[in-house]
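Read through the structure below, which is laid out as C-alpha cells, and then see the notes.
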Amino acid sequence: MSEAERRSARNNDGFITVFFAALLCFMTYSYVYGQMMLGGMNDYPAHVYSVLVKFRISPLEGWMAAPHCLWHLTVLFLYDVCRIPPEASAAFATCIYTLFYYFILYWIIRRVTDYVGRKETSLRSNLIAFSFCFVQAVFFYWLDTGERYLGTFSPNPLHNPTQMGVRGFAILIYCLTVDLLSYEKGGTYRPVFFPVDRSARKHYILLAVLLFLSTVMKPTFAEMFIPAVAFLMLGIWLYRLIRRDAPAFYFRKCLTMLLCALPSLLYILTQYLVFFFFKGAAYGGEEGLILTDWFAVWNFFSDNVFLAVLAGMAFPLYIFLLDIRYFLKSTAGRLALIGYGISFLEASVLGEDGIRFSHGNFLWPLMSGMLLFWLAALLRLITLEHEEEYTGFRKGLILFGWFLYFCHVFCGFTFFREGMLGM
C-alpha cells in the first residue's frame, strides 16, 4: 500500500469514527435533556437540582450530599464557568463521559483484533463500539422478569448519570489490570493494551489514579472490582505457593496491587462514614449496611430472578457456554467471571436498613460486574472469528452469538426511545 493509500485509509477511518461519535453525542444529549424536561424513570433531576444547589451553598455540604461527585463537578463547571443552563450542562457532561466510554471501546476492539493478527475495519469496529453503548436486557412483557430495566438491570443504565460516567474508567481499568496481572518479567506474555513490559511501575501508578477517579465518579465499580482482583490474586498465590512457583515474587505483586487500591479503599471508607453516620440522620437515623435474605432486595423488582438474569445476560452466558475454557483459563476471562460473581453475590445479600431498603443501591455493583462480563464476552466472540476459519456448525454458533448480541442492542434502542418519550 502506497503512502497516499495509507493516508486515505486513515482519513476514512477518522471520518467514520467522527460520524459515530457525533451520532452518539447527539443521541445522548437528546436523551438526557429529554429526561430533565419530561421526567419518567430517571435520576438526572435529583442529581442536578438538589446536589448542585448544595455545592453552590457550600462545597463541603455538596460533597457530603454526593461524595461520588466527579459528574456533579463537571456539571457545576459547565454551569458556573461556561454559563450553560443546568439542564444542558447535565446533558453535555453526560456526553463527555459517554464519548470517553465510546472511544475507549473502539480502542479496545482495535487493540484486540490487532493482537490476534487480523486488522478490523474501522466501520465494523465503530459499529460494534457504538452498539455496545446501548445493550439492554432482552425484554418480553409477558415474562415475570420485571420491567424493561428494573429487575433485569443493565451494563448501560441510561437513566443514571454517575453509573453511566464510570463505564469508561471501568473498562480501561479492566484492560490495564489484565495486562498487569498477566505480565511477568522474563515471561512469554505479550501485553495487549498497555506497554507494561517497558515500564510496569508507571502503569501501576496509572492504575491507582484511574481506580481513584472511578471511585470519585461512583464507588460501585471499585466495590466489585477490588474484591474480584483480590480473590483472583489470592487464588493464584496459593496455587503457586503449593507448587513452589516463585510465591514470594507473586506475593510482592499482590502487595503492589493492594497499594494501587489503597487510595480508593480509603475514599470508599470515607464515603460510607459520611453517608451512614452523618447523612443517615437526615433519614431518621435508621440507615445502615445490612445482610439480607437471598434476593430480598432484588425481589422488589422481579418476581423471577433466574429469568431476569437470563434476560439481562443472555449474550455473555451464551459465549461463556460456547468457550468455557477461556473464562476459566485466561486472565481476562477469569477476572470478568469473578467480578460478575462477586457483584451478583453483593446484589443478592446486601442492602440498607430503613426507608432505603427498597432503593437497591447494592445492585449498582452488579451492573459494573455485568459490564465486565459483557465486554469479555464481546471481545471473545470477536477473537473467535479470527482465530481460525470456522465452517459449518461452529460458524453457525458464532453467528448465533451475534444474533443474540444484536437482540440486546435492539432492545436497548427500544429502551432509549421510551426514555426519550418520558415513559
First in region 162-180 and open to solvent by 10 Å² or more (accessible area, probe 1.4 Å), second anywhere and among the basic types (K, R), Cβ under 7 Å, 6 or more apart: none
Pick out the one residue from V209, V192, V196 that is in a helix (DSSP H, G or I) and among the β-branched types (V, I, T). V209
Residue check: is A65 within 19 Å of S214 (Cα to Cα), in contact (Cβ under 8 Å) with a residue 60 or more places away in the chain and more than 23 Å from the chain's Cα centre (by Cα)? yes
So which of L78, L99, L70 is of a type in the set (A, V, I, L, M), within 30 Å of L404 (Cβ to Cβ) and open to solvent by 10 Å² or more (accessible area, probe 1.4 Å)? L99
Among the residues of region 234-256, are any in contact with a helix residue (DSSP H, G or I) (Cβ under 9 Å, 6 or more places away or on another chain), part of a loop (DSSP other than H, G, I, E, B) and at pLDDT below 95? yes
In region 307-357, which residue that is closer than 23 Å to F139 by Cα and of a type in the set (V, I, T) is surrounded by the most Cβ atoms within 10 Å (Cβ to Cβ)? I319
Hey, could you check region 69-106 for residues that are in a loop (DSSP other than H, G, I, E, B) and not charged (D, E, K, R) and say which is nearest to the chain's Cα centre (by Cα)? C69
Within region 107-161, the residues that are touching a helix residue (DSSP H, G or I) at 6+ places or on another chain (Cβ under 6 Å), assigned to a helix (DSSP H, G or I) and surrounded by fewer than 19 Cβ atoms within 10 Å (Cβ to Cβ) are R110, L123
Can you tell me which of R198, R240 is out of contact with any Leu (no Cβ under 7 Å at 6 or more places or on another chain), open to solvent by less than 60 Å² (accessible area, probe 1.4 Å) and farther than 22 Å from L372 by Cβ? R240
Counting just the residues of region 243-280 that are open to solvent by 90 Å² or more (accessible area, probe 1.4 Å) and over 25 Å from the mean Cα position of the chain (by Cα), which one comes out farthest from I338 (Cα to Cα)? F278
Just a yes or no: is a residue in region 373-395 surrounded by fewer than 23 Cβ atoms within 10 Å (Cβ to Cβ), at pLDDT 90 or above and of a type in the set (F, W, Y)? no
Within region 42-68, which residues are assigned to a loop (DSSP other than H, G, I, E, B) and touching a helix residue (DSSP H, G or I) at 6+ places or on another chain (Cβ under 6 Å)? N42, A66, P67, H68
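The values are calculated or read from the model by the stated rules, or taken from the named source; none is laboratory data. This one's a predicted model, so the numbers in the text were calculated from it and none came from an experiment. When we count neighbours, we look across all protein chains shown, and the Cβ atoms used for this are built from the backbone with ideal geometry, even at glycine. Ligands, DNA and RNA are excluded from the accessible area calculation, which covers all protein heavy atoms including side chains. Shrake-Rupley method; radii C 1.70, N 1.55, O 1.52, S 1.80 Å.
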